[in-house]
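Before any comments, here is the structure.
What follows is calculated from the coordinates using simple rules that are stated; it is not laboratory data. Treat the numbers as computed from the prediction; the structure is a model and nothing was measured. Here the Cβ positions follow ideal geometry from the backbone for every residue, glycine too, while neighbour counts run over all protein chains shown.
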Amino acid sequence: MTDRPAETTLRDVAPKPRAPADPLDTHRAEHYGLLAVLTTRVPTAETLALVAGLTGDASPLGRSHAELAQAAQRADPVRLEREYFRLFIGVGRGELMPYGSYYLTGFLREKPLARLRQDLAELGIERAEDLVELEDHVGVLCEIMAGLIDGRFEASEADVRRFFTRHVEPWMPRFFADLETAGSADFYRRVGSVGRNFMSIETESQALVA
């Protein structure tokens, strides 16, 4: 269940045939894809309808799925647009700065972004001309993770683990925790909960196989 960002935001310089999908990897890629869509732009009516169909279970992530689905069902598009603006854009800046460099250094366009760009080049992933956001934007990084996992971008399991450890784990769990408690967040409080719980599972899983 994803409504992914446009395939033109990033591209594999030399795309390879995809391997058969593993159900667990499909599940992980779908979560990254969902978080990418919800953090890179205001959700469309189509996206909200898909999110409203999420189902949950008794686990922390399952409960956050159910709460996000309920929030999507009652979301008002006009209010949601204003919420997104206050959180991520703002007048001058939004309540949150969804960039890895900012979370790690307090400034944009710092060394973490340079290291990310170097690693993307080594993986053969090239920035497209129409990509507006910096590559260390939370949504762009979630899109990259989804592509690494589902085979859109060629990478070994070790490559995926290394990318997560270097560019996602150091700051993204904190970002989603901040989103969950942001003063301007209503619908996005539930997005933060999904992201925080999913990042917890990802971090534990990567630690087990490291």
Quiz item: DSSP loop trypsin sites (Lys or Arg not before Pro) in segment 72-128 with at most 14 other Cβ atoms within 10 Å of their Cβ, which ones?
Solution: ARG93, ARG109
Quiz item: Just for the Cα atoms in the chain, what are the lengths along the principal axes, largest first, rounded to whole Å?
Solution: 42, 40, 30
Quiz item: Fully extended, how many nm does the chain gain between ALA49 and VAL78 (0.36 nm per residue separation, minus their Cα-Cα distance)?
Solution: 8.9 nm
Quiz item: Can you give the extra length, in nm with one decimal, that the chain gains between ALA128 and THR203 once fully stretched, where that is 0.36 nm per residue apart less the Cα-Cα distance?
Solution: 24.1 nm
Quiz item: Can you list, largest first and rounded to whole Å, the semi-axes you get for segment 73-161 by taking the square root of 5 times each eigenvalue of its Cα gyration tensor?
Solution: 27, 18, 11
Quiz item: Full extension from GLU67 to LEU24: what is 0.36 nm times the residue separation minus their Cα-Cα distance, to one decimal in nm?
Solution: 13.2 nm
Self-check item: Cα centroid separation - segment 22-62 against segment 138-160, whole Å
Solution: 16 Å
